[in-house]
Amino acid sequence: MALGPYHGMPPGGYGHMRTSTADRERAIDVLKAGFAEGRLTQEEYTERVGRVYRSRTYAELAALTADLPAGPLGALTPSSPPPPPAYHVAPDQRPLNGLAVASLVCALIPGIPWLAVLLGIAARGQIRERGERGAALANAGLAIGGFFTLVLILYVLGNR
C-alpha cells in the first residue's frame, strides 16, 4: 500500500518545522511502547531509533511512528505556541454584609447565641435587598446560633 507524502504528518502543517531533542525522545518513547507491545521487531525498533536521531523535521518523526497506536496523535506536535491562559475569574466585587459576619461571630460567643439568630435574619434580608455577599455566613450564624439557643432553652427548662 503506497502512502502519500503527507501520511503520518502531525496536524496543523508542522511537518516542515525542525524538531527538538525532546521531540525525538518522545518519538523514541512511542517506538519503545510499540516494541514492548510486540508491534515492532528488534531490528525494526533499532533501525527506527537510528532514523529518529537523524531526523530533523516533524514530518520525518511522524513517518517513523505513523503506524503505531501512540503515533503522531499529539506526542509529536511542536511545543511552539503555548496554550492560551486559563480563564481568569475576577474576584467578586460585591461588598460583604457586616451583619452576616456579626451573626457568625455572635454564634460562636457563649451566652449570646440568640443575638446571632437575630443578626442572621436581618443579614439575610439585607443580602436579598442589596445583593451583597455573605449569605453563607448568615446561614451559618443562624444555624449555629439557633442550635445553641435551643440547647440553652432546654438547659434552663431542665433545671427548673
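The values are calculated or read from the model by the stated rules, or taken from the named source; none is laboratory data. Keep in mind the model is a prediction, meaning the values are calculated, not measured. A quick note on method: Cβ atoms are made from the backbone with ideal geometry, for glycine too, and the neighbour counts reach across all protein chains shown.
Here are the numbers for the structure shown:
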item	result
Residue check, residue 44 of a type in the set (D, E, K, R), over 30 Å from residue 146 (Cβ atoms) and modelled with pLDDT under 90	no
Selected residue (criterion: nearest to the chain's Cα centre (by Cα)) from residues of segment 122-132 that are in a helix (DSSP H, G or I) and surrounded by 16 or more Cβ atoms within 10 Å (Cβ to Cβ)	127
Test: residue in segment 2-25 that is modelled with pLDDT of 85 or more, crowded, with 18+ Cβ neighbours inside 10 Å, assigned to a loop (DSSP other than H, G, I, E, B) and among the hydroxyl-bearing types (Ser, Thr, Tyr)	yes
Residue in segment 133-153 that is surrounded by the fewest Cβ atoms within 10 Å (Cβ to Cβ), counting only those that are over 14 Å from residue 111 (Cα atoms) and free of Cβ contacts under 8 Å to residues at least 40 places away in the same chain	136
Subset of segment 97-111 that is without any contact (Cβ under 8 Å) to a residue 40 or more places away in the chain and not aliphatic (A, V, I, L, M) - its residue that is surrounded by the fewest Cβ atoms within 10 Å (Cβ to Cβ)	110
Complete set of residues in segment 69-120 that are in contact with a Leu (Cβ under 9 Å, 6 or more places away or on another chain), assigned to a loop (DSSP other than H, G, I, E, B) and modelled with pLDDT of 85 or more	97, 109
